[in-house]
Amino acid sequence: MKYLFFTLILLTGASISCPEARAADTNDVRAWLTNSFRPWLTRSYPEINSKPYPEWFHDHPPGLLPTPFASWMDRVFLDLQTETYPTWMKNISADGLGTNIPPWWAGVQKGKFSVSPSPQPVPSIIRGPYLQMGTTNSMVVRWRTDLPAGNSVAFGSNPARLSRTARANGTFTEHAVQFTNLAPGTKYFYSLGATDSPLVVYWTNNVACISSTNSRIYVNKPGTREQVAVGNKDTFVFSIVKKKLSVTDPEKSFVANTTNTALVVNTPNNAVLVSITNGSLFVTSSNHLEWMDGTQPGKAARKLGQNFTVGTTNLIRTGGDSNTFFVTHPLIGTRQPTRVWVLGDPGTRKKAERDVRDAYYKWTGDRPTDFWLILGDIAYNSGRDTEYQGAVFQVYDKMLRKSVLWPALGNHDAGSANSPIEHGVYYDIFTMPAQGQAGGVMSGTEAYYSFDYANIHVVCIDSSDSSWTKDGMMLKWLQRDLEANKQDWLVAYCHHPPYTKGSHDSDNDRDSDARMRMMRERILPILEAYGLDLMLTGHSHSYERSYLTDGHYGLSKTLDNKTHFKSMKDGRKGGTGIYVKPSRGPAPHEGAVYVVAGSSGQISGGDLDHPVNFMSTNVLGSLVLDFDGHRLDATFIDDKAVVHDTFTILKGPEDGAAAR
């Protein structure tokens, strides 16, 4: 929980300036047409978006010209914009008063009084923020709120000066905003969410001073909510005059003596009641109340006076700090150090998942994660929304807000998702570059896609729920995408491995509907023909890593070391030698390393004896990829940050020193 605290200047003999505090103007349209009026209006009149602006926009109150008024409406009512209002606002009738028209409307039309908005709950962020679909000049940030809210995000190059704003039209609980026109390879900080409007109260000796530090503040009569006074970021002073409440400001620039023994004071989302009981002034609130000195005074102390704030207990705004940021992709083709974190089958919501996470955080330290991949089975058991909440958003919240996640669909995730029509929880939660926004060829679907980062081309394949037919859309797209690729590195990832003897068996067609065989027979020939360097998969809950391999598309018993291994070294600089590929860019059939890294949430054993593999182990962990120019260093770390495997691939003419 986070509480908001504000400092209040106590009233002394010196005057306090509050030039905007004033008694209510009964003709002030800005006062009565507020954010509390909008939800009532749209709820009562769903046809509002199809009717023209009423004529009273032109028969405006004195001093309020039509064009500025329309502009003000667009600014205040972001979801309505240039749409419309029902004609009853102009042609009110007695009959209409019984059909959703509020009874106070006639009084407003006749200029009798203005109506204060009722305080509304502040939308609380219950998921995110999380980054999606990064490119060289754009970024998507997503989050969820418990109540419908606007979609505005402040961002900038300094967390203390977020001078730019990105927003999306409408009021939603699921939010997605895209930042555009950004500079490549640049760090931006951001902040999002609703802003609380707390009240600060100083109360002693039958005098109450109530302030708002960041919003409009209203004084109104209970029940009718008829305004007595309204101000902006100001202080009102309440006292008892002839057994009734009197309202003024510290400078006494106005005085409103009422006939009331109770008044409501509120901001857009907080309220207090000022009342007279047994001749004494009391201030009470049903909102969260926090004593200014951090203590809870006893009853005797309360008689002497209190300082307290009234505000929400929810986390309503996030960011604007050094840990909430994103970095745009570098220019495509740039050769620079790049760190990638790879998780396979993490979504168990068990302690093992958090241990693997914490081990990586410890191991990587201050070194940023440029992007990260999840190789499917993101949320056990069937990819329900609540399972994603516990397995992803409550576990990786720190990483999600500062590094782009690129997911692949697993068979468990497919329990609530349909790839052919891109429907279901997985597709509701994640935003993928179906139109080729992040590099590569447009796939036309979020089920499979590609993106470029620096000099790396990354291809995500849907092995769980898309068609595998040779003339189908996925394989045709893959061919076109790889034909167009000119990047130094080609990395592919999906859920089902072509080679495994862990908790799944790639030789068994009854296992996983023969998807592992189809991966070998239909996907690998295309990838290897266009220069695959590394393939990452999960599904088996273990870690398995191959030699530098090419051209093996059959059962494990058909593997021929001389034919199918480009190198049988261990891939280690301190061992028998790293893997060296002759060409710098994409070149056919020079060998690839195949990694099963499906132990990020659990381990499930297996024979772990597939002959294509140099190493197989039943250990919890995650994989780290470090690219630097034409060199890739891969490290598998366990749930205690202990390194269990490393290998290196070097592309281009062999450097003797680098290969040792």
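The values are calculated or read from the model by the stated rules, or taken from the named source; none is laboratory data. Everything quoted here is computed from the prediction, not taken from an experiment. Every residue, glycine among them, receives a Cβ derived from its backbone with ideal geometry; neighbour counts consider all protein chains shown.
Taken as a whole, the condition of being in contact with a Ser or Thr (Cβ under 6 Å, 6 or more places away or on another chain) and either part of a strand (DSSP E or B) or not aromatic (Phe, Trp, Tyr) (or both) does not apply to Ser191. Scanning the range 311-344 for residues that are of a type in the set (D, E, K, R) and touching a Phe, Trp or Tyr at 6+ places or on another chain (Cβ under 9 Å) turns up Asp321, Arg335, Arg339. For His541, the test of being in contact with a His (Cβ under 6 Å, 6 or more places away or on another chain), of a type outside the set (Gly, Ala, Ser) and part of a loop (DSSP other than H, G, I, E, B) is failed. Can you confirm whether Ala229 is among the small types (Gly, Ala, Ser) and surrounded by 19 or more Cβ atoms within 10 Å (Cβ to Cβ)? Yes, satisfied. Cβ separations smaller than 7 Å between residues 6+ apart or across chains give the following pairs from the range 471-492 residues that are more than 18 Å from Glu446 (Cα to Cα) and modelled with pLDDT of 95 or more to residues that are among the basic types (Lys, Arg) and outside any loop (DSSP other than H, G, I, E, B): Asp488/Lys651. Select from the range 465-488 the residues that are assigned to a loop (DSSP other than H, G, I, E, B) and charged (D, E, K, R) and write down the one among them that is nearest to Leu409 (Cα to Cα). Filtering first and then ranking leaves Asp465. Considering Ser604, Ser616, Ser622, Ser583, the condition of being over 20 Å from Asp570 (Cβ atoms) and not in a loop (DSSP other than H, G, I, E, B) is satisfied by Ser622 alone.
Comparison of Asp452, Asp428, Asp462 shows that the only residue that is of a type in the set (D, E, K, R) and assigned to a loop (DSSP other than H, G, I, E, B) is Asp462.
Of all the residues in the range 433-451, those that are crowded, with 24+ Cβ neighbours inside 10 Å and within 24 Å of the chain's Cα centre (by Cα) number 5. Restricted to the range 497-523, and to residues there that are in a loop (DSSP other than H, G, I, E, B) and without any contact (Cβ under 8 Å) to a residue 60 or more places away in the chain, the residue that is surrounded by the fewest Cβ atoms within 10 Å (Cβ to Cβ) is Arg510. Residues in the range 433-447 that are closer than 18 Å to Ile332 by Cα and either part of a helix (DSSP H, G or I) or of a type in the set (A, V, I, L, M, F, W, C) (or both): Ala438, Val441, Met442.
I'd like the full set of residues that are assigned to a strand (DSSP E or B), surrounded by fewer than 20 Cβ atoms within 10 Å (Cβ to Cβ) and touching an Asp or Glu at 6+ places or on another chain (Cβ under 8 Å), limited to the range 629-647. Correct list: Asp633, Thr635, His644, Thr646. Please enumerate the residues belonging to the range 327-384 that are over 21 Å from Leu620 (Cβ atoms) and in a strand (DSSP E or B). Once the filter is applied, which keeps residues that are over 21 Å from Leu620 (Cβ atoms) and in a strand (DSSP E or B), the range 327-384 yields Val327, Thr338, Phe371. Candidates in the range 100-144 are the residues that are of a type in the set (S, T, N, Q), modelled with pLDDT under 95 and surrounded by 15 or more Cβ atoms within 10 Å (Cβ to Cβ); of these, the one that is farthest from Tyr190 (Cα to Cα) is Ser114.
Residue by residue, here is whether (1) within 17 Å of the chain's Cα centre (by Cα); (2) surrounded by 14 or more Cβ atoms within 10 Å (Cβ to Cβ); (3) not assigned by TED's automatic domain parsing to the domain that holds Val141 holds:
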residue	(1), (2), (3)
Thr318	yes, yes, yes
Asn323	yes, no, yes
Thr328	yes, yes, yes
Pro337	no, no, yes
Leu343	no, yes, yes
Pro346	no, yes, yes
Asp355	no, yes, yes
Thr364	no, yes, yes
Phe371	yes, yes, yes
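Scanning the range 204-254 for residues that are over 39 Å from the mean Cα position of the chain (by Cα), without any contact (Cβ under 8 Å) to a residue 24 or more places away in the chain and on the phi < 0 side of the Ramachandran plot yields Val241, Ser246, Thr248.
Can you name the number of the only condition in (1) of a type outside the set (Asp, Glu); (2) in contact with a helix residue (DSSP H, G or I) (Cβ under 6 Å, 6 or more places away or on another chain); (3) buried (at least 21 other Cβ atoms within 10 Å of the Cβ) that Gly376 fails? Every condition holds for Gly376 apart from (2). Please tell me if Thr213 is under 23 Å from Thr324 (Cα atoms), β-branched (Val, Ile, Thr), surrounded by fewer than 20 Cβ atoms within 10 Å (Cβ to Cβ) and outside the structural domain of Phe393 (by TED's automatic domain parsing). Spelling it out, it is not the case that Thr213 is under 23 Å from Thr324 (Cα atoms), β-branched (Val, Ile, Thr), surrounded by fewer than 20 Cβ atoms within 10 Å (Cβ to Cβ) and outside the structural domain of Phe393 (by TED's automatic domain parsing). Against the condition closer than 30 Å to Phe627 by Cβ, in contact (Cβ under 8 Å) with a residue 40 or more places away in the chain and not in a strand (DSSP E or B), how does Pro420 come out, does it pass? The answer is no for Pro420.
When Gly415, Gly444, Gly439, Gly424 are screened for being touching a His at 6+ places or on another chain (Cβ under 9 Å) and modelled with pLDDT of 95 or more, only Gly439 passes.
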